[in-house]
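Data block below; observations after.
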Amino acid sequence: MRIARKISLLFVGGMFFTLAALPALAQEKEFQQVRINRNPLRDLGLIVRDKLAKKEIDLEAPFSVESRITSGSIKYIKIEGDPRSTQLVKKSIEALSDSGFLEYFAKLGGKDVNLAIEQNSDFIIGKVEFEVETPARAMNIKNIFVMFITSKLHKKMASAKPADKDDLEILKTAAIEATGKKVSIRFAVPAATARELIRKILNDDSHFPDPAEK
């Protein structure tokens, strides 16, 4: 999951932790048909690193992108801000879709998944919203997400590993809500913290394994 974590830090806030929690929200058999292809995420990471090295993108440029994904089809509802940044954000959403990670939401009963990603002078914000069949189901999913993230927070707070300390900066910004049939997961990472983590990750070759690596 290295690449999923890296992509989440770049453009999707705490998406890695959202995705990591999904298998806990349904019986194992519901997820057996989900096949994950990490290559689109790895390829995206390499593109980002190359563009940063060439100074073709600005990590501090503001942007706002909102999308709706239905059965693998992506519709962009809002695209604002620096054109190079928004293009890269679109590529990151498409990479997540191509990788198969978003299929987990369908297994939870979420027909449509809304992804909103924004950077302003203060925060990088990632929000995932999806609707399930009943308000009771939405509340159950919320409660399990809260338990999952709380557990991760305690473990990472007790850890001395630098990577866990970095993850903690994202986890502690989590906000999970259930409103009617809708579940939303939001992460708002301070922009300065996020950019520091991004540079640290992009300078670490261990986040870019060979495609053949399992």
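No value in this document is a laboratory result; all are computed from the given coordinates. Model, not experiment: these values are computed from the prediction. Glycine gets a Cβ as well: all are built from the backbone with ideal geometry, and neighbour counts include every protein chain shown.
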XL table K55/K182; K111/K200; K91/K200; K111/K161; K78/K181; K55/K91; Cα-Cα > 29 Å flagged, in table order, is K55/K182; K111/K200; K111/K161
Can you list which of the GluC sites (Glu not before Pro) found in the range 85-151 are DSSP loop residues with at most 13 other C-beta atoms within 10 Å?
E133
Quick note on K78, K107, ordering by fewest other C-beta atoms within 10 Å, gives K78, K107
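Grab the Cα-Cα distance for L46 and A192, subtract it from 0.36 nm times how many residues apart they are, and report the gain in nm with one decimal.
50.3 nm
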Residue separation between I79 and A61 times 0.36 nm, minus their alpha-carbon distance, gives in nm 5.1 nm
Peptides ranked, highest mean first, by Cβ atoms within 10 Å: ranges 138-144, 182-188:
182-188, 138-144
